[in-house]
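Taking it in order: structure first as structure tokens, then the write-up.
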Amino acid sequence: MNGEAHSAIDRPQFASLLESMSNGAIAVDSDRTVVYANRGALGMLGQRREAVVGQAVSGAFRVFFERAQSRTAADRLARFEHFYDGNWYIIQVFPLLGADGLSETPYTIVTATDISERKKREFEFLEIAAGLEEATRIAEMGTFKVLWGSLAIQWSPHAYIIHGVRPETYHPGGGNYAELVHPEDRGFVTRAGRELVEGKPVANLQYRIVRPDGVVRWMRMDGRILFDSSGAGYASFGTIQDITDAKQREHELQELLKRNAILYEALEASPIGVAVLTAEESGLSMLYVNAAFERLTQHNSYSLNVDGLRALVADGDRDQWQSIADYLTRSEPGSFDASCRRRDGTVFPARIELAPVRDYPGREATAFVVNLRDMTSDRERAAALLQSQKMEALGQLSGGVAHEINNLLQPVIALSDLGGDVLGKDTEKARKYFEVIGGSGRKAREVVRQVLTFARRDTPQLSAQDVVPLVADAVNLAAKGLPPQLDVKTDIRLTEARAVISATQVSQVMLNLLRNASDAMKGQGVVTVTLNEETVVDGAPKLAGLKPGRWIKLTVQDTGCGMDRDTLSRVFEPFFTTKPVGKGTGLGLSVVYSIVAGWGGTISLDSEVDRGTTAVIYIPLHS
Ligand code: ADP
Ligand code: MG
């Protein structure tokens, strides 16, 4: 710096100039000697004026000065922020001009303003902003701000990302957000947006958007109001979060809960006793027992504690129960017949089935399902069912049988009377009368025999017999109880066909099928009973379900009212009937079904509404 105007400025002038500055300031002459330092500068340097003035520039100011010179090699005016000794300063270094404002002086002014406080706030803000951005990114959350004055809308970068739009092409504002919102949700989203600008916060507004690429996503919006220092609201600030995944999980959870509820109800409704045991380190524990299990054992999951199943062990049957325990420890499935003790001490024969539950195949079982069935009641119920149906069938028969026997008795009585008259007069005539009487008597005895076979109470003994005469007999017997306008045709294409069956049961089957046919035809028309043989070879599609081999095929075909699909699917249910009270019991076909199953055979019904029904029975041929 040129030293020409050196004397143009004296110290008092520096004093009034520099002391008027609120920051620290010094004046330095061209050979770096401090010519004045104001109070602020002395404070910053922590020194008295005498130690500074007249000395070479030192301390903080020397650093500032040198830094300014290096920064402004070309430009001699410098203003910069500088960190020194734990504080932030704004440094200004400028040459002092002469009174004319143009001429140069040899003096340079260095001022330093401590901006540490402001800096600190700024950093804090940056940190918060960075944290917020990071948080919003992690939370898949965008932020928005609506300035009420201009209605300008600002979006954070992430707001664009979650909406699938780009800042270059999408400009939020002017009500165009609605375009992104799913049409069905537009109404309430637009309303909430309007309210937000009117100063009403929004909380947990959930809606769908449709991204420009067509993808539908779930959003959650929360918005609040920003107030200025006077307490007046000036903007809305809010977050928008992509909650699609959470929604999906929520939906899946709902579905899962619904499914669990259904499974639970299903288990409760099961007629079979079901208990679930979980395998824990301390042993097995009873997790659940269903209503049927409680009913059967009179226990509940609380009274069946850790060694729960042991409570069910009947005194005489410890061995069997021990083997059940062994299966449990080995995680093996099994089926057992054992005596089971109820809570009141009574015992019933039970079938117990164990099924281990594993997380992965090959792993140890984590739980067991125990099925419990009361076998007595099953057997008794089945026997009662059969018996009651037989009594019903017998009832149906008796009218016809009485009529038949009455018819047979008529010639017996009439000819006995007439026989007395011709006796000893016309031997030939008398012999004829006796023949007719004997024939009628034998026929009556045959009818009675049939009825007795049928009505016998004992459980039928199955034995290998010729089906042909049994079916013919059964048709005859059944026809007696059927309306006379019903024409039962038989088409028997076998001379002999042996099967392991019982005569009583054949009667019962035919009686039930013919009864149904008669009912379907209102007691009028033709029913055809056929009997033939069929051979099932491997893979024959028509008779799928039947094992390869020789079968006797028995069909009963009517041309009655037929059945719709619904009825057809239920005919084998016990007590299912479409007939008025007193007419049907709904037991016929379920009994036929169990009889045929007992022979190792099958029965199926083919039916068409208004055209008729064909019952097809396959019985294994005994060779
Ligand atoms: P029930 O005869 O006492 O009603 P079934 O078990 O014999 O009981 O038959 C059950 C139901 O199946 C009948 O109520 C009827 O609706 C239907 N059904 C059985 N056989 C026939 C048939 N041949 N034609 C039409 N419907 C039939
Ligand atoms: Mg019936």
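The values are calculated or read from the model by the stated rules, or taken from the named source; none is laboratory data. Treat the numbers as computed from the prediction; the structure is a model and nothing was measured. Quick reminder, even Gly has a Cβ in these numbers, built from the backbone with ideal geometry, and neighbours come from all protein chains shown. Side chains are part of the model used for accessible areas, which takes the heavy atoms of the whole protein and leaves out ligands, DNA and RNA. Shrake-Rupley method; radii C 1.70, N 1.55, O 1.52, S 1.80 Å.
If I model a spin label as a point 7 Å beyond the Cα along the Cα-Cβ vector, how far apart are those points for Lys583 and Glu533 in nm?
Rounded to a tenth, the inter-label distance reads 4.1 nm.
Using the Cα centre of region 53-171 as the reference point, and only Cβ charges (+1 on K/R, -1 on D/E), how large is the resulting charge dipole? Debye, rounded to the nearest 20.
60 debye
Quick check: pseudo-label points 7 Å beyond the Cα along Cα→Cβ at Ser70 and Ala51, how many nm apart are they?
For the pair Ser70/Ala51, the computed spacing is 2.6 nm.
For region 159-284, give the percent of accessible area contributed by carbon and sulfur heavy atoms, probe 1.4 Å, rounded to a whole number.
C and S fraction of accessible area: 55 percent.
Under 16 Å Cα to Cα from Lys145, which aspartates and glutamates show up? Leave out anything in the same chain fewer than 8 places away.
List returned: Glu133, Glu195, Glu198, Asp222, Asp228.
With a probe of 1.4 Å, find how much accessible area region 391-448 has per residue, and write the answer as a whole number in Å².
Ligands and nucleic acids excluded, the result is 65 Å² per residue.
Given a 1.4 Å probe and every protein chain left where it sits, what share in percent of the accessible area of region 464-506 is carbon and sulfur?
Of the solvent-accessible surface of region 464-506, carbon and sulfur hold 47 percent.
Which percent of Cα-Cα pairs in region 44-176 sits in each 10 Å bin, short to long?
10, 24, 20, 15, 17, 11, 3
Assuming R0 = 56 Å, can you tell me the calculated FRET efficiency for the pair Ala597 and Arg431, based on Cβ-Cβ distance, to the nearest 0.05?
0.60
Where does the charge balance sit around Thr495 when Lys and Arg score +1, Asp and Glu -1, over other residues with C-beta under 14 Å from its C-beta?
Net charge in that neighbourhood comes out at -2.
Report the residues of region 100-120 in range of a label on Arg39: point 7 Å along Cα→C-beta, backbone N strictly under 20 Å from it.
Counting backbone N atoms under 20 Å from the label point, the list is 110-115.
For the chain, what's the radius of gyration and Dmax over Cα atoms, in angstrom?
Rg then Dmax for the chain, in Å: 53.2, 191.
Per residue, how big is the convex hull of region 476-539 when only Cα atoms are used? Give it in Å³.
Once divided by residue count, the hull of region 476-539 is 123 Å³.
State in Å² the accessible area per residue of region 501-623; use a 1.4 Å probe, count heavy atoms of protein chains only, and round to the nearest integer.
Roughly 49 Å² per residue, with all protein chains present.
In the P(r) worked out for region 127-185, what percent of Cα pairs fall beyond 19 Å?
Of all Cα-Cα pairs in region 127-185, 36 percent lie more than 19 Å apart.
Taking a label point 7 Å from the Cα of Ala139 along the Cα→Cβ vector, which residues of region 221-242 have an amide N closer than 20 Å to it?
Residues passing the 20 Å test: 221-227, 235-242.
When ranked by the protection proxy of mean other Cβ atoms within 10 Å per residue, highest first, what sequence do the peptides 102-110, 263-271 form?
Highest to lowest by the protection proxy: 102-110, 263-271.
Taking the dipole about the Cα centre of the chain, with the C-beta of Lys and Arg at +1 and of Asp and Glu at -1, give me whichever of Pro271, Ala464, Gly419 is farthest to the positive side.
Gly419
With viscosity set to 1.567 mPa s at 4 °C, what whole-number translational diffusion coefficient in µm²/s follows for region 135-229 from Stokes-Einstein and a Kirkwood radius over Cα pairs?
Diffusion coefficient, whole number: 94 µm²/s.
Once the Cβ-Cβ distance between Leu97 and Thr169 is put in as r, and R0 is 51 Å, what FRET efficiency do you end up with, to the nearest 0.05?
FRET efficiency, Leu97 to Thr169: 0.45.
What whole-number value in Å² describes the accessible area per residue of region 259-380 for a 1.4 Å probe?
So region 259-380 comes to 58 Å² accessible per residue, rounded to a whole number.
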